[in-house]
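Asker: Take a look at this one; I'll ask things after.
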Amino acid sequence: MKKLSLTVKTLLSVALVAATAACTGKTETAATAPAATESDAPAAASIINIRYIDADSVMSAYKLAQQLLEEQQREVNRLQQWHESKQRELQSMANNIGQKQQNNVYLSQQSMDADVQSFQKKGEEAERYLNSQQQRLAANDLQIRARLSDSINNFVRDYNAVHGYDAILLREAGVYFNPALDITAEIIAGLNARLDENKK
């Protein structure tokens, strides 16, 4: 889950930059822009309108992220419980085979071989099932990241269309930001309000 959180933050960073760029409506590139002089620098710096958000706070307070990550964690826990149960079952089978061999219960080599083959077959089936479920969870993980990225990206694009900021950055992308530029609470409130409205 920690890996998921880090990856979502990376995607969120890309999404925010893309959303901000799309909403500023600026088509002038560095190649076509007039060169700034020293006297222009203070004026240019004063008109840059930047805000930032805390990705950790967004991910922990956004209801959709909470729901999706909780569902994923339940799936992971269920698979872990199944795996532990299957390991106990296989260990019990192995112990049983060993005890029967020690007590000379097997009347023939074929009888013992049949038990060993049954044990091996169950082990292989368990391994195949575990692998398939792990692949399913990995695919679901990608879907969760994509869904959250799209959701946040779309909201930030709409939000910035109204506010017209030049950039909305992640707090993690810099060493220091003036706390007055923090719009995390607004983004969280907007995301959750939109989610509640969609549910209605």
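Asker: Looking only at the stretch 103-112, count every residue that is in a loop (DSSP other than H, G, I, E, B) and of a type in the set (Gly, Ala, Ser) and tell me the total.
Answerer: 1
Asker: Looking only at the stretch 101-123, filter to residues that are within 29 Å of GLN81 (Cα to Cα) and over 37 Å from the mean Cα position of the chain (by Cα); which one of those is surrounded by the fewest Cβ atoms within 10 Å (Cβ to Cβ)?
Answerer: Among those that are within 29 Å of GLN81 (Cα to Cα) and over 37 Å from the mean Cα position of the chain (by Cα), it is GLN117.
Asker: Could you please let me know if ASP196 is open to solvent by less than 80 Å² (accessible area, probe 1.4 Å), among the acidic types (Asp, Glu), part of a helix (DSSP H, G or I) and over 30 Å from LEU64 (Cβ atoms)?
Answerer: No.
Asker: Taking only pairs six or more apart or across chains, which ones have beta-carbon atoms under 9 Å, a first residue in the stretch 83-102 that is in a helix (DSSP H, G or I), and a second residue that is open to solvent by 70 Å² or more (accessible area, probe 1.4 Å)?
Answerer: Partner pairs satisfying both residue conditions: LYS86/LYS122; LYS86/TYR129; GLU89/LYS122; LEU90/LYS122; MET93/LYS122; GLN99/VAL105.
Asker: Next question, about the same structure. Out of all the residues in the stretch 138-147, is one or more farther than 16 Å from LEU64 by Cα and part of a helix (DSSP H, G or I)?
Answerer: yes
Asker: Is it true that some residue in the stretch 81-91 is in contact with a Gly (Cβ under 9 Å, 6 or more places away or on another chain), farther than 30 Å from ALA193 by Cβ, aliphatic (A, V, I, L, M) and modelled with pLDDT of 65 or more?
Answerer: Yes.
Asker: Take the residues in the stretch 173-184 that are touching a residue at least 60 places away in the same chain (Cβ under 8 Å) and either small (Gly, Ala, Ser) or open to solvent by less than 60 Å² (accessible area, probe 1.4 Å) (or both), then tell me which one is nearest to ASP56 (Cα to Cα).
Answerer: Here the residue is THR184.
Asker: Being crowded, with 18+ Cβ neighbours inside 10 Å and of a type in the set (A, V, I, L, M, F, W, C) is the filter; apply it to the stretch 137-152 and report the residue that is farthest from ASN77 (Cα to Cα).
Answerer: In this case the residue turns out to be ILE152.
Asker: For ALA126, work out the one condition from (1) under 17 Å from the mean Cα position of the chain (by Cα); (2) of a type in the set (A, V, I, L, M, F, W, C); (3) crowded, with 16+ Cβ neighbours inside 10 Å it doesn't fulfil.
Answerer: All conditions pass for ALA126, except number (1).
The values are calculated or read from the model by the stated rules, or taken from the named source; none is laboratory data. A quick note: this is a predicted structure, and the numbers were derived from the prediction, not measured. Cβ: placed from backbone, ideal geometry, glycine included. Neighbour counts: every protein chain shown. Quick note on the areas: whole protein, heavy atoms, side chains included, nothing else; ligands and nucleic acids left out. Shrake-Rupley method; radii C 1.70, N 1.55, O 1.52, S 1.80 Å.
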